[in-house]
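Student: Starting off with a structure, shown below.
The values are calculated or read from the model by the stated rules, or taken from the named source; none is laboratory data. The shown structure was predicted, so the numbers you read here are calculated from the model rather than taken from an experiment. Cβ placement follows ideal geometry from the backbone for every residue including glycine, while neighbour counts extend to all protein chains displayed.
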């Protein structure tokens, strides 16, 4: 991702702006807010929220504004996240390859396990009825908002501190595991895995026809005329068409369609080597995968504004047990999980920390990573039905409020850093 500071700043500020507007709107005039969120754009549409018959079959679908943003347009956001994960794994010198990635990878796993333990433990303490109602939302506090946490880390550590890179690696792994959790544990309906053959077929066809075949035909020609023609004239559009088929396959399969573009990302031609996560040098790369990301930059910024607007509109009166479970899971479970696994990996397994880092920095990174926001809001929306209630308040809204309040992790991380003597590095 190029010009990362401007991108991340716009990404976060636009989404935060949408979330603030949603909070004000939902608390001033909740009826009009929910009317806009649930506005039916097209009834009996080939895509949209399904209405099921008595036998479990889909009678028809309705394309609502909420579905358009959360299930269709957010696929572009998750495609960007998948691109960063794929490059970090697949490219030469990728940031998730080699020994240096072991500690942040293990810390990310601990940073996801910690909130789950805290969430389920608190739900158990609150009684069986509360546990039964809220246990399905165990994944809500596992998320780390990569852009928001990056900004906070830059403010606390400074651009030159190795803890910033450590956090980015951790957040990338967190995103990858989060995508897997959504796909496996939060399907949209009855799973019909045979539809995934369409997704796999679209990805393989795109890879063979537009990636492997041109390079195979050019294997004895150093000028690479066919591959160059593909890049200059077709760009990423054949892959985008394959992505549309993959998205449809995910919808029909009962998996969350916002993840529908993920199988296409590995099929796209990519750079020969990675420059590291968020490297500005990517601005000069002309491979199709980077062209795809660059083209999505502005649309995704606007999409995330809409996502904040349509998902963060919760009434303050909906605060309840899910709010505190999500919030405490993030603020306590994240830093504790990251610190414990960071200590185990660096000291117990003798993998060591990056030069210039110590366990105090790992604790502060854990506090920063407790900012859930984007993916936490998303998971809350798929984990709980909008109609679910506990003691009279809506569970989904209460859980989303916990995700929103996790922004408090920013100032908490700053206070922890100052009390531990962590200093900025330019």
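Student: For segment 36-52, how many residues are surrounded by fewer than 15 Cβ atoms within 10 Å (Cβ to Cβ) and in a loop (DSSP other than H, G, I, E, B)?
Tutor: Looking only at that region, the number is 3.
Student: Then there is this: Looking at segment 213-227, which of its residues are loosely packed, with under 13 Cβ neighbours inside 10 Å and either in contact with a helix residue (DSSP H, G or I) (Cβ under 6 Å, 6 or more places away or on another chain) or in a helix (DSSP H, G or I) (or both)?
Tutor: Hits for segment 213-227 are 216, 225.
Student: What single numbered condition from (1) part of a loop (DSSP other than H, G, I, E, B); (2) crowded, with 24+ Cβ neighbours inside 10 Å fails to hold for residue 329?
Tutor: Of the numbered conditions (1) part of a loop (DSSP other than H, G, I, E, B); (2) crowded, with 24+ Cβ neighbours inside 10 Å, the odd one out for residue 329 is (1).
Student: For the list (1) in a helix (DSSP H, G or I); (2) modelled with pLDDT of 85 or more, I need the number of the one condition that residue 87 fails.
Tutor: All conditions are met except number (2).
Student: So is residue 152 modelled with pLDDT of 90 or more, within 22 Å of residue 413 (Cβ to Cβ) and assigned to a helix (DSSP H, G or I) or not?
Tutor: Answer is no for this residue.
Student: It is to be established whether one or more residues within segment 68-78 are in a helix (DSSP H, G or I), over 20 Å from the mean Cα position of the chain (by Cα) and at pLDDT below 95.
Tutor: No - not one qualifying residue is present in segment 68-78.
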